[in-house]
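Nothing in this text is a laboratory measurement; each read-out follows from the coordinates by a stated rule. Note that this is a predicted model, so its numbers are computed, not measured. All Cβ positions, glycine included, derive from the backbone under ideal geometry; neighbour counts span all protein chains shown.
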Amino acid sequence: MILADDGSTDGTANVFGRAVATLAAGPARFRYLRLPHRGKGGAVRAGVFAATGDPIMFFDSDLSIPLDLVDAFLAALADGADIAVASRYVPGSTQHRPWWRRLMGTAFRACVHLVVPVDVRDTQCGGKAYTAAVARDLFQRSRLDSFAFDAEVLFLARRSRYRVREIPFHLEQGRVTSVNFVLDTPKMLRDLVVIRLGAMTGRYR
């Protein structure tokens, strides 16, 4: 288990250390990556490159994406998928979160599908699994450090014809979020344009 800390100032390292200390000795290994603040994409990329197992999964640290999806991810990869993603927009999914978060998510999702060709209904959900080879291939070619990195990686997956499986789940999400909608939304929309222009100019070759 790797905790990729994107330059937090809230005592995350201490919380992680105390949690690891309470776990019984076993085969699991734990690693803390203290990173300079670059953005979620940069943190996930660093975690992928530090990982040694196969497959490679990541979950947002607030665990709003339930860890019991690990079994569903493993089953999807065993069934031939190269990537498995938690999805809020496939049959069987349910959501319980503030209306404004739902509205912003729906709006950004529409922008993604308008600007960046992807075969996934939910690019931004914070729970995904990759075979190790696919993860390293995609993250070596990805460039964005921002929240829009998910859309970029799944765009590259489509270009490479990797097989993606969306997994339904129940989402419980509160009002607290690290996303500043006023500041971050324009940046995310800009980054979608950057992805599309990058594809047109050969940036991802």
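Distance between the C-alpha centers of segment 100-130 and segment 1-68? Whole Å please. Taking the Cα centre of each part, segment 100-130 and segment 1-68 sit 23 Å apart. Sorting 158-164, 11-17 by average packing, meaning the other beta carbons within 10 Å per residue, from highest down gives 158-164, 11-17. With a cut-off of 13 Å between beta carbons, the residues surrounding T52 carry a summed charge of +2, where Lys and Arg count +1 and Asp and Glu -1.
Computed over neighbours whose Cβ is under 11 Å from that of R203, the net charge equals +3, Lys and Arg +1, Asp and Glu -1. Zone of A133 (label point 7 Å along Cα→Cβ, backbone N under 16 Å): which residues in segment 32-61? So the set is 53-56. Hydrophobic, long helices, defined as DSSP H runs whose alpha-carbon span along the helix axis is 20 Å or greater and whose mean Kyte-Doolittle value is at least -0.5, occur in the chain at 99-115, 181-200. Put simply, the C-alpha atoms of the chain give a gyration tensor, and the ellipsoid matching it has half-axes of 25, 20, 19 Å, longest first.
Projected label points at T201 and R163, each 7 Å from Cα along the beta carbon direction, are separated by 3.6 nanometres. When peptides 29-40, 123-134, 107-118 are sorted by average Cβ neighbour count within 10 Å, with the highest value leading, the order is 123-134, 107-118, 29-40.
Per-residue extension of 0.36 nm, minus the Cα-Cα distance of K187 and N14, leaves a gain of 59.1 nm for this segment.
Place +1 on the Cβ of every Lys and Arg and -1 on the Cβ of every Asp and Glu in the chain, take the dipole about the Cα centre, and give the residue among A84, V193, S142 whose Cα lies farthest towards its positive end. After comparing all options, I get V193. Here the spin labels are modelled as points 7 Å beyond Cα on the Cα-Cβ line, and at T94 and A28 they lie 2.7 nm apart.
In segment 1-94 the Cα-Cα distances spread across 5 Å bins starting at 0 as 2, 11, 19, 22, 21, 13, 9, 3, 0 percent of all pairs. G127: net charge of surrounding residues, Cβ under 12 Å, Lys/Arg +1, Asp/Glu -1, itself excluded? Summing Lys/Arg as +1 and Asp/Glu as -1 gives -4. Per residue, the average separation of C-alpha pairs within less than 8 Å and at least 6 apart gives the chain a relative contact order of 28 percent.
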